Structures are given as C-alpha cells and as structure tokens.
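Asks: Please find one structure pasted underneath; my questions will follow.
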Amino acid sequence: MSGLPAEGAAVDLPRARAGWADFLVLAKPRLNSMVLATTFGGAWFGAGGAPSAALLLHAVGGTGLVAVGASALNMVMERRTDALMVRTRERPLPSGRMQAGEAILFGALCSAAGLGWLAAGTNLLAAGLAAATLAIYLGVYTPLKGRSAHNTLVGAVPGALPPLIGWAAGAGALEPGAWVLFSILYLWQIPHFLSIAWLYREDYERAGLVMMPMLDGTGAAAGRHAVLYAAVLTAGSLFAVSVGLAGWTYLGGALLLGAAYTLAALSFARLRSDRTARRLLRASLLYLPLLFALLGLDPAR
C-alpha cells in the first residue's frame with residue numbers, strides 16, 4: 001500500500017524533536033485508564049471497602065507507572081510492525097518523531113519507579129505481581145503476537161493482573177475475591193480483543209501479526225471463542241456473590257449484563273461482519289464499567 005514503509009525499513013530516524021504529546025502517546029492513556037480503575041477496585045475491596053487515601057495513591061500510582069513503562073517498552077518492541085499498520089504508523093517511533101533510545105529510557109524509568117513505589121508504599125507482594133505483569137506482557141505476549149494466534153489468551157493474563165495488585169496492596173494477601181476479579185477481567189478481554197482483531201485484520205496481516213480471525217480466513221474460530229468466553233464470564237461473574245464481594249442486586253445485574261454481552265458475541269459469531277464486530281466492541285466497553293459499578297453499589301452486607 002502506498003505511503004507505508006517497506007518491511008525492515010529504518011524507522012528510528014527522527015524527523016522532529018519528540019514533544020510531551022509523543023510521550024503521552026507512549027503512555028497509552030486510554031488503555032491504561034482501565035488499569036488504574038481496576039487497580040483501584042482491587043485495592044478498595046482488598047481493604048474491606050475502607051482503604052486510606054494513601055493506600056489508594058500508592059497502589060494506583062505505582063501500578064499506573066508500571067503500566068506506562070510497559071506500554072512504552074511495548075511500542076519500542078513493536079515499532080517496525082507499527083510502521084506497517086495504518087492505525088499505528090503515526091505513533092512517535094514509526095513516524096520518526098522519537099528515537100528508540102528515548103522511549104526505552106522513558107519506559108525503563110517509569111517501570112522502575114512504579115515498582116519501587118509499590119514496594120515502598122504498599123508491600124512486596126503487590127510489587128512482585130506488578131513485576132510479573134511487566135515480564136509476561138513484554139517477555140511472552142509481545143513476541144508471541146508474531147507466532148501464535150493464541151497470543152490473545154496469553155495477553156489477557158497481564159491485562160487481568162491489576163486488580164490482584166490492588167488487592168495485594170490493600171489486604172497483603174490474595175483472597176478468593178481477588179481471584180474472582182482476576183477471572184472477570186481475564187474472561188472479559190477475549191471477546192473484546194477478538195472484535196478489535198477482526199476490525200483490524202487487514203492491518204494485522206500486513207504487519208505479519210498472527211491473530212485468531214486470520215486462522216481460517218472466515219473468523220469462525222474467533223466467533224466461537226467470543227461466545228465461549230462471554231458465556232463463561234457470565235457464569236464466573238456470579239461467584240462475586242458466593243465469596244462475599246456483592247449482594248443479590250449485583251447478581252441480577254450481572255446476569256443481564258452477561259446475557260447482553262453473550263448475545264453480542266453470538267451475533268458476531270453468526271455473521272462475522274464489521275458491523276457485528278463493532279457491536280461486540282461497544283458491548284464490551286459498556287459491560288466492564290457497569291459490572292464494576294454494580295460491585296461498588298451493591299457490596300455484600
């Protein structure tokens with residue numbers, strides 16, 4: 001496609017000096033806003049619904065810095081594939097506005113500062129979980145994107161660890177409720193990211209990234225996985241009641257939200273069009289904040 005650099009082309013030569021806006025792009029603020037929110041939720045419930053302001057600051061701030069560092073280092077690792085995709089080619093590294101060394105330094109400093117903040121401000125368990133998140137995201141998930149269509153299943157692990165970090169910060173241990181939050185976030189991600197992978201399947205294929213919608217050329221496997229994980233999520237979300245996180249109002253709301261999410265996944269699995277993929281993506285973006293709102297509004301008595 002015209003306008004795209006050839007594969008293997010140098011993409012690190014800057015055309016202009018990187019500005020603050022470029023570092024903001026490295027931080028992936030939209031993606032990491034979910035990290036902050038789920039870390040907050042984990043810390044809130046881990047502390048029994050009565051965390052101190054200092055605890056929340058340390059847990060969310062430290063985890064947020066680690067997430068920013070991981071995002072920046074991920075962009076360094078993916079700068080050449082980013083240059084081949086329409087939706088990412090204007091990022092600071094592939095566009096040439098920033099050198100890899102700048103991004104590496106920024107990412108490393110943020111990651112180290114976040115881990116140190118968690119260790120000093122909360123506890124070593126929270127810091128260890130954050131370090132595991134960083135290692136899996138950069139050392140396993142990112143390289144796997146060019147090798148296996150199951151990278152989404154692996155990438156959902158670090159994506160689901162923030163509530164565990166928050167819970168560990170608040171309670172000093174990982175109790176059953178922490179694993180319920182982890183499971184909800186893990187299962188939610190699969191249909192969410194499969195819808196994105198379908199919408200940008202041509203971009204991913206151009207960059208040589210292996211995504212599930214490309215396995216059979218029709219997206220049938222992606223559709224089946226979306227339905228399976230949405231259905232299991234619906235059932236799994238109900239465990240929040242049995243472990244004492246939420247009450248019966250939450251239970252009814254969780255069933256309704258899960259049914260809507262599963263119906264959107266079924267629609268995508270049946271038709272596998274951009275329209276149904278966007279519908280599934282919108283359903284996913286509504287599901288998670290609404291479910292967490294129910295958890296907060298209807299805690300177990």
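Asks: Are there any pairs with C-beta distances below 6 angstrom linking a residue in the stretch 47-71 that is in contact (Cβ under 8 Å) with a residue 40 or more places away in the chain and at negative phi to a residue that is outside any helix (DSSP H, G or I) and charged (D, E, K, R), with the two at least 6 apart or on different chains, and if so which?
Replies: S71/K28
Asks: Given the criterion in contact with a helix residue (DSSP H, G or I) (Cβ under 6 Å, 6 or more places away or on another chain), more than 18 Å from T63 (Cα to Cα) and surrounded by fewer than 23 Cβ atoms within 10 Å (Cβ to Cβ), identify the matching residue among T142, T218.
Replies: Result of the check over T142, T218: T142.
Asks: Could I ask something else about it? So which of A50, A130, A37, A59 ends up being touching a Leu at 6+ places or on another chain (Cβ under 7 Å) and within 21 Å of V180 (Cβ to Cβ)?
Replies: Step by step, each of A50, A130, A37, A59 is checked, and only A130 is touching a Leu at 6+ places or on another chain (Cβ under 7 Å) and within 21 Å of V180 (Cβ to Cβ).
Asks: If you don't mind, there's one more thing I want to ask. Return the only residue of L124, L84 being at pLDDT 95 or above and out of contact with any strand residue (DSSP E or B) (no Cβ under 6 Å at 6 or more places or on another chain).
Replies: L124
Asks: Next question, about the same structure. Give the number of residues within the stretch 148-184 that are among the aliphatic types (A, V, I, L, M), part of a helix (DSSP H, G or I) and in contact with a Ser or Thr (Cβ under 6 Å, 6 or more places away or on another chain).
Replies: 3
Asks: Assuming M75 fulfils every condition listed in (1) of a type in the set (A, V, I, L, M); (2) part of a helix (DSSP H, G or I); (3) more than 24 Å from A21 (Cβ to Cβ) apart from one, which condition is it?
Replies: The single condition M75 does not satisfy is (3).
Asks: For the condition assigned to a helix (DSSP H, G or I) and of a type in the set (G, A, S), what is the one hit in G236, G244?
Replies: Just one listed residue meets the conditions, G236.
Asks: Among the candidates L31, L36, L73, which residue alone is outside the structural domain of V180 (by TED's automatic domain parsing), modelled with pLDDT of 95 or more and closer than 30 Å to E175 by Cα?
Replies: L36
Asks: Regarding G223, is this residue of a type outside the set (D, E, K, R), surrounded by fewer than 20 Cβ atoms within 10 Å (Cβ to Cβ) and not assigned by TED's automatic domain parsing to the domain that holds G159?
Replies: Judged against the criteria, G223 is not a match.
Asks: Is there a residue being touching an Asp or Glu at 6+ places or on another chain (Cβ under 9 Å), at negative phi, surrounded by fewer than 18 Cβ atoms within 10 Å (Cβ to Cβ) and not assigned by TED's automatic domain parsing to the domain that holds M77 anywhere in the stretch 177-200?
Replies: yes
The values are calculated or read from the model by the stated rules, or taken from the named source; none is laboratory data. Just so it is clear, the model here is predicted, and its values are computed rather than measured. Cβ: placed from backbone, ideal geometry, glycine included. Neighbour counts: every protein chain shown.
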